[in-house]
Ligand code: FPP
């Protein structure tokens, strides 16, 4: 969800106004994806590198997340959405952690769309975390090192409960992954748009999905194999 700051600057506003507009855009996209019966939507709200921003912006974002979760939770729950937070959550304190736990617990038994919110998330950190969990199982004798498979790694990541992502979309014009979902994106189709996040809407998402639908996903096979399979 890149481009909140530039969206605000273009309008002569503070960056915080861009983040507020970003929350509004997120709400629209979550509703749109739920209507489309998307299985899982994962949004990158705060990276492990974002702590380097000015303290004022970081604390504004934390407040904004608390408020957004609090005000949206009942509606998300009524719509059968399962909320999960992925990232190193222990870095957060008090208010935000309480909201995170409350939202996760309240919606844990829902059966509709997964809404995964990545906060203090880093793809490499996720893999380090999974490696530690696997190593602990090997150490305790629960797991044999030789029997570790890709599935073992996936099931120890923070997205163990979700299917692999079909489509990655980055707004705001940059064409890089920025340490996002590194393990999970192995066969994901990538889409980049110059649109700044606050301007990204269902109509543009539909266009990107339409383009995605026309792509042939070969997963290492030849085009002929895919067509005949
Ligand atoms: C990127 O814009 C966005 C962020 C750093 C995170 C903030 C995201 C939101 C407020 C969306 C709401 C999310 C939830 C889960 C409630 P940027 O500041 O990097 O923009 P720039 O590249 O133009 O400076």
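Read-outs throughout are calculated quantities, based only on the coordinates presented, and are distinct from any laboratory measurement. If you're wondering where the values come from, they're calculated on a predicted model, not measured in any experiment. Quick reminder, even Gly has a Cβ in these numbers, built from the backbone with ideal geometry, and neighbours come from all protein chains shown.
Structure data summary
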| read-out | value |
| --- | --- |
| Reduced Cα scattering model of the range 124-223, Debye log10 I(q)/I(0), q = 0.13 Å⁻¹ | -0.63 |
| Scaled radius of gyration (Cα, divided by 2.2 N^0.38 Å) that the range 40-90 gives | 1.30 |
| When the range 113-160 is reduced to its Cα atoms, the Kirkwood hydrodynamic radius in Å | 11.7 Å |
| Three-way shape label, the range 92-133, alpha-carbon gyration tensor, a/c 1.5 | oblate |
| Estimated 222 nm signal from helices in the chain, with DSSP H stretches of n ≥ 4 weighted -39500 (n - 2.57), rounded to 500 | -15000 deg cm²/dmol |
| Extent along principal axes [Cα atoms of the chain; Å; largest to smallest] | 57, 47, 36 |
| Ratio of the Cα radius of gyration of the range 188-229 to 2.2 N^0.38 Å, where N counts its residues | 1.54 |
| Near-label residues of the range 106-146 by backbone N, under 20 Å of a point 7 Å along Cα→Cβ of residue 155 | 126-146 |
| Fraction of alpha-carbon pairs over 22 Å apart in the range 28-115 - percent | 28 percent |
| Segments 144-150, 28-34 sorted - mean Cβ within 10 Å per residue, highest first | 28-34, 144-150 |
| Separation in nanometres of the label points that stand 7 Å from Cα toward Cβ, at residue 186 and residue 164 | 0.6 nm |
| For the range 48-162, the spread of Cα positions along each principal axis, largest first, Å | 47, 37, 20 |
| Compactness index (Cα Rg / 2.2 N^0.38 Å), the range 1-54 | 1.31 |
| Relative contact order computed over the chain (Cα-Cα under 8 Å; 6+ residues apart), in percent | 25 percent |
